[in-house]
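**Q** This is the structure, below, for whatever I ask next.
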Amino acid sequence: MICDFLKTCCADPMKFIGDWFVLLPAIVLLLAGGAAVVMRNLIHAALCLTLSFIALGIVFIALGAEFVGFVQLLVYVGAVAMLIVFAILLTRPDQLTKSGSAFSGLGPAGGAAVGFVALVALLGFIFTSPLAKKPLPASASAPVADIGQALMGDYVVALLAIGVLLTAALVGAAVIAMEDKQP
Amino acid sequence: MINPLERAPIELLHWFLNLLGSFGVPQWILTVVSAVIIIGTVIGVFLGLFALMSVMERKILARAQNRYGPNRVGFFRWRLCGLFQPVADGIKMITKEDLVPRTADQVVHFLAPVVMLIPALMVLAILPYGRDMVPADLNAGILYFFAVGAGTEVAVFMAGWASNNKYSVLGGMRAIAQMISYEIPLVIAAIIAAMVSGSLSPSAIVAAQGGFAWGFLPQWFVLTPWGFVACLLFYIAALAESNRSPFDLPEGESELVAGHLTEYSGFKYAIFFMAEYVGMFAVCGLLVTLFLGGWQAPLPFLVVVPTWCWFFGKICFVAFTMVWVRATLPRLRIDHMLAFAWKFLLPMSFAAFISAACWHYAGRGPLAWLLSLAIVGVPYLILGTAFSNRFAVSRRTYQFSE
Amino acid sequence: MTLQILLAISAILFAFGLAATLSRSNSIMILIGIELMLGAANLNFISFWRFSENPSDLVGIMFAIFSIAVAAAEAAVGLAIIILVHRRLKSVEADDANNLKG
């Protein structure tokens, strides 16, 4: 069986590499995401989350959506991950929690159970739905020029709304986190 | 009238690949070999530039301070003006003891230099080194540059936090705050050049600066009002992104020991050092591509000089000015630094953006030039006078001792 | 490389995010879980775009771009709120913010 696998690899190396170009970052993504969820040390969890963002960006690039991949890297890794890390540093949860445990609410078992149920339900839908049985088109490309035309053409209302939203979020976050002025 | 030397690197590569192909090597191995050779050449050139820069910076700083720099280390009996200093530095760095604090986070401490160096090297892939000499001609190249450059911030945080040292954490947080603040004028200045060229691909941006107006004036973006302002913004933001003086508070020896690099010694420090310089060259390269015309010659009769010579010559010139600025200006305080980014550079970058758009839509004629000059000059005068009193040196007031 | 494998990967990531949001006590970990769920949804969009019959329609790409922007805004505001709560309560545990309880 390994000989067959190697034969298919060497027959068309570019396609083989192309498939694993998507699957390898996807495996890293799942491992990093899982690690981010169970780690007790908050900074390690944030760094695993950053790794999962990077892996997700690479998956997007491998799937042909390069613009989305680069935006993912720029926004999530460069901004959101740094925000999370800054918040962890500013709130310094080194001290033990009052209950001494990193889990609360449903607890680790409850959370895992709910997650497992959701996963089983989703996988059931995925593997039985006819929508998911599409063949792979030869290639899909989204040149940046087309994305720009679409953003300024069909989706201009959404673009302006996002601008307003981001401005509001910027001003709101700055006001919320501002120190109270000394009287 | 193309100088044969200009096509020499590419012709050499093709000759070697044809040679391998004539031995029956399959096509996909040839692709891999071609990629490896190109990557090796680019990295080799930039590491050589890094080595040269480390000694030339010290010599230029020294001359600015009216003294000689390193001028002893040579080869056997010849002094060679101290140009073999990087070899001595390298041997020193490798043989130094690699100290890691016992309470430091071992894994993160080990990975931080690696995470710092990888984006700095990856970013070199999209720069056009000469005519048709881009290692990877992505059509979203500028976006790739900034997306990959975001990895540097993660590395700075990792280095600062993992050292388990208050000075390192403080230095790391200040470094990240500085990098995030100055990333916005950097990206907007790059977007201005991309907007006028109509493409995010660096080779298209270089091509948009081609040709000579009136037969002899180059049409580089830096020679337009909005381009000049955008180039300066990009330059200042690039100084801040590379943590170079006057923005080197994160590494300030007098304030924070060495900031996020305090607990790094030996080869790990050498990797940080290398990553900083390679990042500096990469961002110089992007500045040259976006505003200084890339590999284009400034005057028509200078086209005989190979294009890659022009590119590296321009990079060296910009790097020289960065060292010059380091020798000249004092270090900025952290609150001054952040205020400068958010209250001056950001509005000026918006003004340059609007100015570039107006220049394009007013037809790129004389009226457009005057209009763009006004749009960029009026905010500059207003912001300049509004902030000039704040940063003036004032009489020192003592808060706690009366 | 089938659509089902990509959707399964995104489902697993979503399940991880859901488990984190429901079971961790630190509010920043809850936010990390939310970000994982948003990332899984983005992966869904891009997978369906890749396998669509008309990729030049760019709907999946647009949705993903706007989703990333909204997630960034939400992370910023959420973390600002967490910092404010920490300033008042000196704690970021979700269980400690119980002034309105009972």
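Yes/no per residue for (1) within 12 Å of chain A (Cβ to nearest Cβ); (2) in contact with a strand residue (DSSP E or B) (Cβ under 8 Å, 6 or more places away or on another chain); (3) in a helix (DSSP H, G or I):
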position	(1), (2), (3)
B:Leu99	no, no, no
B:Met122	yes, no, yes
B:Arg174	yes, no, yes
B:Ile184	yes, no, yes
B:Ile188	no, no, yes
B:Ile191	yes, no, yes
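**Q** Follow-up. Only one of A:Gly115, A:Gly105, A:Gly34 is in contact with a helix residue (DSSP H, G or I) (Cβ under 9 Å, 6 or more places away or on another chain), within 7 Å of another protein chain (Cβ to nearest Cβ) and at pLDDT below 90. Can you tell me which?
**A** Just one listed residue meets the conditions, A:Gly105.
**Q** Right, here's the next one. Within the stretch A:119-136, count every residue that is surrounded by fewer than 17 Cβ atoms within 10 Å (Cβ to Cβ) and facing another protein chain (nearest Cβ under 7 Å). Even if it seems obvious, please write down each step before you answer.
**A** Let us first name the residues in the stretch A:119-136 that are surrounded by fewer than 17 Cβ atoms within 10 Å (Cβ to Cβ), namely A:120-121, A:123-125, A:127-131, A:133-136.
From what's left, facing another protein chain (nearest Cβ under 7 Å): A:123, A:127, A:134, A:136.
Of the residues in the stretch A:119-136, 4 are surrounded by fewer than 17 Cβ atoms within 10 Å (Cβ to Cβ) and facing another protein chain (nearest Cβ under 7 Å).
**Q** Could you run through the stretch B:1-47 and say how many residues are surrounded by 11 or more Cβ atoms within 10 Å (Cβ to Cβ), of a type in the set (Gly, Ala, Ser) and under 29 Å from B:Leu117 (Cα atoms)?
**A** So the count comes out to 2.
Per-residue answers, yes or no, for (1) surrounded by 16 or more Cβ atoms within 10 Å (Cβ to Cβ); (2) over 14 Å from B:Ala237 (Cα atoms); (3) touching a residue at least 40 places away in the same chain (Cβ under 8 Å):
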{"site": "B:Trp324", "(1), (2), (3)": "no, yes, yes"}
{"site": "B:Ala327", "(1), (2), (3)": "no, yes, yes"}
{"site": "B:Leu332", "(1), (2), (3)": "yes, no, yes"}
{"site": "B:Met337", "(1), (2), (3)": "yes, no, yes"}
{"site": "B:Phe344", "(1), (2), (3)": "yes, no, yes"}
{"site": "B:Arg364", "(1), (2), (3)": "no, yes, no"}
{"site": "B:Leu367", "(1), (2), (3)": "no, yes, no"}
{"site": "B:Leu373", "(1), (2), (3)": "yes, yes, yes"}
{"site": "B:Leu381", "(1), (2), (3)": "no, yes, no"}
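**Q** Considering only residues of the stretch B:64-103 that are of a type in the set (Ser, Thr, Tyr) and over 29 Å from B:Pro330 (Cα atoms), which is modelled with the lowest pLDDT?
**A** The residue in question is B:Thr103.
**Q** Now, a different point. Name the residue, out of B:Ala155, B:Ala112, B:Ala88, that is free of Cβ contacts under 8 Å to residues at least 40 places away in the same chain, assigned to a helix (DSSP H, G or I) and of a type in the set (Gly, Ala, Ser).
**A** B:Ala88 is the lone residue from the list that is free of Cβ contacts under 8 Å to residues at least 40 places away in the same chain, assigned to a helix (DSSP H, G or I) and of a type in the set (Gly, Ala, Ser).
**Q** For the stretch A:144-182, enumerate the residues that are closer than 21 Å to A:Val68 by Cα, surrounded by fewer than 10 Cβ atoms within 10 Å (Cβ to Cβ) and either at the interface with chain C (Cβ under 10 Å from one of its Cβ atoms) or in contact with a strand residue (DSSP E or B) (Cβ under 7 Å, 6 or more places away or on another chain) (or both).
**A** none
**Q** Could you tell me whether the stretch B:56-67 includes any residue that is within 20 Å of B:Phe267 (Cβ to Cβ) and part of a helix (DSSP H, G or I)?
**A** No: zero hits.
Every residue, every condition in (1) surrounded by 15 or more Cβ atoms within 10 Å (Cβ to Cβ); (2) in contact with a His (Cβ under 6 Å, 6 or more places away or on another chain); (3) not β-branched (Val, Ile, Thr), yes or no:
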site	(1), (2), (3)
B:Leu83	yes, no, yes
B:Asp89	yes, no, yes
B:Thr95	no, no, no
B:Arg102	no, no, yes
B:Pro113	yes, no, yes
B:Gly141	yes, no, yes
B:Val154	yes, no, no
B:Trp161	yes, no, yes
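**Q** Identify, from the list C:Ser52, C:Ser67, C:Ser47, C:Ser91, the residue that is over 14 Å from the mean Cα position of the chain (by Cα), within 28 Å of A:Pro143 (Cα to Cα) and surrounded by fewer than 21 Cβ atoms within 10 Å (Cβ to Cβ).
**A** C:Ser52
**Q** Based on what the data block shows, is B:Phe301 surrounded by 15 or more Cβ atoms within 10 Å (Cβ to Cβ), part of a helix (DSSP H, G or I) and of a type in the set (Phe, Trp, Tyr)?
**A** So B:Phe301 fails the test.
The values are calculated or read from the model by the stated rules, or taken from the named source; none is laboratory data. Quick caveat: nothing in here was measured; it's all calculated off a predicted structure. Neighbour counts are summed over all protein chains in view; Cβ atoms, including those assigned to glycine, are modelled from backbone coordinates with ideal geometry.
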